[in-house]
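Here's the structure, in structure tokens; my notes come after.
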Amino acid sequence: MHLEEMKKTIENLVLQKGFYNKPEDVPKKLLFAFIELGEASDAWKKGETREKIAEELIDTIFYILDASRLACPGVDLDKMFLEKLKANRSRPYQYGEGHRLQSRENQV
Ligand SMILES: [Mg+2]
């Protein structure tokens, strides 16, 4: 299943369950995504099963995709993913992680 198909499936679930479904609900959905991310982190710290950690990460993805359909309708996330992947691949090795070099220099 691709991102656009997942987005449509989530929309159907939201409508079926009567969940928040307006553009003004986007901040709530993004907050819920953060909460699920926190649950994933907590599961990791507590040494929970891989399945439990994966479940929390999937919850996060659900909320992100749900928010995306309201925040940026009409944007093809499959296409956007490939464009972003291409852009990231064109960047230098360890781009955006200059702090790693600094901390290595501080150890010497
Ligand atoms: Mg959860």
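The values are calculated or read from the model by the stated rules, or taken from the named source; none is laboratory data. Every value quoted in this text rests on a predicted model; they were computed, and no experiment measured them. Cβ placement follows ideal geometry from the backbone for every residue including glycine, while neighbour counts extend to all protein chains displayed.
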Note to self: Being in contact (Cβ under 8 Å) with a residue 12 or more places away in the chain and farther than 28 Å from residue 42 by Cβ is the requirement here; does residue 66 meet it?
What the structure shows: no
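A quick yes/no check of all residues on (1) in contact with a strand residue (DSSP E or B) (Cβ under 7 Å, 6 or more places away or on another chain); (2) touching a residue at least 60 places away in the same chain (Cβ under 8 Å); (3) farther than 24 Å from residue 16 by Cα; (4) within 16 Å of the ligand (Cβ to nearest atom):
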site	(1), (2), (3), (4)
31	no, no, no, yes
35	no, no, no, yes
47	no, no, yes, no
56	no, no, no, yes
62	no, no, no, yes
76	no, yes, no, no
81	no, yes, yes, no
92	no, no, yes, no
100	no, no, yes, no
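Of all helices (runs of 4 or more DSSP H) completely enclosed by segment 6-108, which ones contain at least 1 residues that are surrounded by 14 or more Cβ atoms within 10 Å (Cβ to Cβ), within 15 Å of the chain's Cα centre (by Cα) and at pLDDT 95 or above?
26-45, 50-71, 77-89
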